[in-house]
Amino acid sequence: MRWLWRGGVLGLVLVLVMVAATVDGQTTALAGVIDFHVHSGPDSRPRSVSDLEIARIAKRAGMRGLVFKNHFTMTADRAWLAMQEVDGIEIFGGVALNHAVGGLNAEAVRQLVAFSGERGKVVWLPTFDAEFWMTRAGDPGEFVPVMRDGAPDPALGEIFDLIAEHDLVLAMGHSSPEEVLALIPEARRRGVEHILITHGLGQQPSRDQIAEMVRQGAVIELVWLAVHNGEFRLAEYTAAITEFGASHFLLSSDFGQENNPLHTDGLKAFIAGLSQEGISDADIDLMIRRNPARLLGLDP
Ligand SMILES: [Zn+2]
């Protein structure tokens, strides 16, 4: 009887250990991962979680970092506040140069880097207010142009200088592939080192345009949101990664929309999906951990 009881206890302990290992196995899938494209509230669009909630969720999942992205307001301050509440995770913010911050307004970038906490790291060119984006959506409103008379808008000069001086990431927002290819040389000429093509396939660049972006050293962002909502098949991402090499890509969720799964669930699905498509663990590691770390100035 006593042996039976001991056997039962032993069995229970074994089961508990196995359950713990499984839970651990799930959480460690995201160990060290950085999500470069996190939408969270407060926002003027409905969001699934707040900054603090996603910071806690990401930390629990073992993630290394987050970049808060808001289309209308600066996020370096929110990033710092979230880091005060959630220990052991790197959170960065940035500013998207839409109408809400005055468009191509260098002062918005100056304040991004001047705010205490020093979490400002990314400058997105216009997103929802981009000419390409609004034109494609048939939106008749006033856009924020990045080109004037076929050349980079002169207001970008000071902005690119600030990005270079403070070693920020220049993210191309919703600019067209043609605009991106006209802007990269000007940004490089002014010393900008880190260039990210925001959801880089979403603006439907040609193969030659992708090749040129890669040749000019830009990193192309692939977002899980676009696979989740059916805009792209994962196989299209896989083909691009295979053709151009994982070193030129970065994976992020772009989640946070009210009715979508959590960012962490998106990233897990992204990793599992690419793995099933035959992308190696080393390449996934490069795109979801090391490349984002390098852009953010963290030890890759
Ligand atoms: Zn986004």
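The values are calculated or read from the model by the stated rules, or taken from the named source; none is laboratory data. The model shown is predicted, which means the values in this text are computed figures rather than measured ones. Cβ coordinates were reconstructed from backbone atoms using ideal geometry, including for glycine residues, and neighbour counts include every protein chain displayed. Areas reflect the complete protein model, heavy atoms only, side chains present, ligands, DNA and RNA absent. Shrake-Rupley method; radii C 1.70, N 1.55, O 1.52, S 1.80 Å.
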> Restricting attention to the stretch 245-255, which residues are more than 16 Å from the ligand (Cβ to nearest atom) and within 17 Å of Val223 (Cβ to Cβ)?
Replying inline: Ala246, His248, Phe249
> Here are Glu258, Glu277, Glu231, Glu236: which of them is over 22 Å from Ala61 (Cβ atoms), within 16 Å of the ligand (Cβ to nearest atom) and charged (D, E, K, R)?
Replying inline: Glu231
> If you scan the stretch 127-155, which residues turn out to be under 19 Å from Gly191 (Cβ atoms) and under 22 Å from the mean Cα position of the chain (by Cα)?
Replying inline: Val146
> Can Gly245 be described as at positive phi, modelled with pLDDT of 95 or more and more than 16 Å from the chain's Cα centre (by Cα)?
Replying inline: yes
>> Looking only at residues that are surrounded by fewer than 20 Cβ atoms within 10 Å (Cβ to Cβ) and more than 16 Å from the ligand (Cβ to nearest atom) in the stretch 61-79, which one is farthest from Val146 (Cα to Cα)?
In response: Gly62
> What residue, of Asp265, Asp285, is open to solvent by less than 50 Å² (accessible area, probe 1.4 Å), away from the ligand (no atom under 16 Å from the Cβ) and assigned by TED's automatic domain parsing to the domain that holds Glu53?
Replying inline: Asp285
> Out of Ala55, Ala82, Ala108, which single residue is open to solvent by less than 40 Å² (accessible area, probe 1.4 Å), more than 29 Å from Leu286 (Cβ to Cβ) and part of a helix (DSSP H, G or I)?
Replying inline: Ala108
> Which residues, taken from the stretch 153-193, are of a type outside the set (D, E, K, R) and surrounded by fewer than 22 Cβ atoms within 10 Å (Cβ to Cβ)?
Replying inline: Pro154, Ala155, Gly157, Leu162, Ala164, His166, Ser176, Pro177, Leu181, Ala182, Pro185, Gly191
>> Please go through the stretch 246-300 and give me each residue that is closer than 19 Å to His199 by Cβ and among the small types (Gly, Ala, Ser), ordered by number.
In response: Ala246, Ser247, Ser252, Ser253, Gly256, Gly266, Ala269, Gly273
